[in-house]
Amino acid sequence: MKIIEVKDYNEMSKKAAEYMLNKIKSSTQLNLGLATGGTPKGVYEELIADYRLHQTSYTHVKTFNLDEYIGLKKDDSNSYFHYMNEHLFKHIDISLDQTHIPLGTNENTQAECEEYENKIINAGGIDLQILGIGANGHIGFNEPGTSFQSRTHVVDLAASTREANARFFDRLEDVPKQAITMGIQTIFQSREILLLASGKAKQQAMAELFRGEVTESFPASILNQHPHTIVIADEEALQGVKKTTNSI
Ligand code: GLP
């Protein structure tokens, strides 16, 4: 794992977007793994700004999102489908059939999970996965205790995750109790991973991640074994992290 320490959220977003744009411009085919939540919003704003300025094309890009809430319709303002459209897809030249997000309204959730996993495999796997991190170390919606071998699956959301995400909903009771998420193994098989973290709320998670112990009780810790993971984090998130020789 390498760390790129940046000043603040703004710089984190710019660095991550720059990294992604280099890949997008230098490849003829690219499978991008995308994340939702507060963390990547700034990155998407940067990509949109770049598109307006330089018309960087996404016609050769396929996207695969990490997760989706179970039970929310696509047009629900809290679905990740809606989030991705609003925050990225509708602003760039990507056709919606190149974009993939698990369907939270498929009544056969098991079939949906299998189909999603197969879509990723059939596309040739993910080249570059963007990740945020939960305060409890979750990646995607893989809560502590999830098997490192897991593939796309249904999860019961931790109370702390529902509380953290309640800020996007009117009431805590409205936050779905379940989600579909790529598994930890699905994420781990991405060729490259960019993990983003900003602010005080991520301090403990960063300290735990860089302690280096690899344990299923802290899902993101598996990234310590990933050959091409870069963490882009700001000063505040990295307070309390002992920088190693791997820092760049
Ligand atoms: C959410 C998402 C994750 C995200 C994480 C952090 O629950 N499922 O993909 O990375 O929690 O969210 P945020 O970026 O809003 O802090």
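The values are calculated or read from the model by the stated rules, or taken from the named source; none is laboratory data. The structure presented is a predicted model; accordingly, all values stated were derived computationally and were not measured. Glycine also receives a Cβ, built like all others from the backbone with ideal geometry; neighbour counts cover every protein chain displayed. Keep in mind that these areas ignore ligands, DNA and RNA; they rest on the heavy atoms of the full protein, side chains included. Shrake-Rupley method; radii C 1.70, N 1.55, O 1.52, S 1.80 Å.
Is it the case that residue 111 is within 16 Å of the ligand (Cβ to nearest atom), within 21 Å of residue 179 (Cα to Cα) and out of contact with any Phe, Trp or Tyr (no Cβ under 6 Å at 6 or more places or on another chain)? Quick ask: steps written out before the conclusion?
Values: within 16 Å of the ligand (Cβ to nearest atom): no; within 21 Å of residue 179 (Cα to Cα): yes; out of contact with any Phe, Trp or Tyr (no Cβ under 6 Å at 6 or more places or on another chain): yes.
No: the conditions fail for residue 111.
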_Qualifying positions in segment 158-190 - farther than 24 Å from residue 42 by Cβ and under 16 Å from the mean Cα position of the chain (by Cα)_ = 180, 183, 184, 185, 186, 188, 189
*Take residue 85 and decide whether it is in a helix (DSSP H, G or I) and without any contact (Cβ under 8 Å) to a residue 12 or more places away in the chain.*
yes
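Taking segment 179-202, which residues are closer than 17 Å to residue 149 by Cα and either in contact with a strand residue (DSSP E or B) (Cβ under 7 Å, 6 or more places away or on another chain) or in contact (Cβ under 8 Å) with a residue 40 or more places away in the chain (or both)? Outline the logic, then answer.
Taking segment 179-202 as the starting set, the residues that turn out to be closer than 17 Å to residue 149 by Cα are 180-191.
Across segment 179-202, the qualifying residues are 180, 181, 182, 183, 184, 186, 187, 188, 189, 190, 191.
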_Check on residue 221, polar (S, T, N, Q) and either within 12 Å of the ligand (Cβ to nearest atom) or modelled with pLDDT under 95 (or both)_ = no
*asked:* List the residue pairs whose Cβ atoms are under 6 Å apart, where the first residue sits in segment 124-142 and is free of Cβ contacts under 8 Å to residues at least 60 places away in the same chain and more than 9 Å from the ligand (Cβ to nearest atom), the second is among the aliphatic types (A, V, I, L, M) and open to solvent by 10 Å² or more (accessible area, probe 1.4 Å), and the two are 6 or more positions apart or on different chains.
replied: none
*Considering segment 92-108 alone, what residues qualify as being within 23 Å of residue 47 (Cα to Cα), more than 16 Å from the ligand (Cβ to nearest atom) and either in a loop (DSSP other than H, G, I, E, B) or without any contact (Cβ under 8 Å) to a residue 40 or more places away in the chain (or both)?*
92, 93, 94, 95, 96, 97, 99
*Matching residues, segment 140-157, being open to solvent by 30 Å² or more (accessible area, probe 1.4 Å) and of a type in the set (Gly, Ala, Ser)*: 145, 147
*Using beta carbons and a limit of 6 Å, which pairs, at least six apart or on different chains, have the first residue in segment 149-176 and without any contact (Cβ under 8 Å) to a residue 60 or more places away in the chain and under 20 Å from residue 115 (Cβ atoms) and the second one among the β-branched types (Val, Ile, Thr) and open to solvent by less than 40 Å² (accessible area, probe 1.4 Å)?*
150/184; 151/186; 152/186; 155/181
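Can you confirm whether residue 158 is closer than 24 Å to residue 17 by Cα and either small (Gly, Ala, Ser) or within 15 Å of the ligand (Cβ to nearest atom) (or both)? Full working, then the answer.
Details: closer than 24 Å to residue 17 by Cα: no; either small (Gly, Ala, Ser) or within 15 Å of the ligand (Cβ to nearest atom) (or both): yes.
Criteria not met by residue 158.
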*Considering segment 16-49 alone, what residues qualify as being of a type in the set (Lys, Arg) and more than 16 Å from the chain's Cα centre (by Cα)?*
23, 25
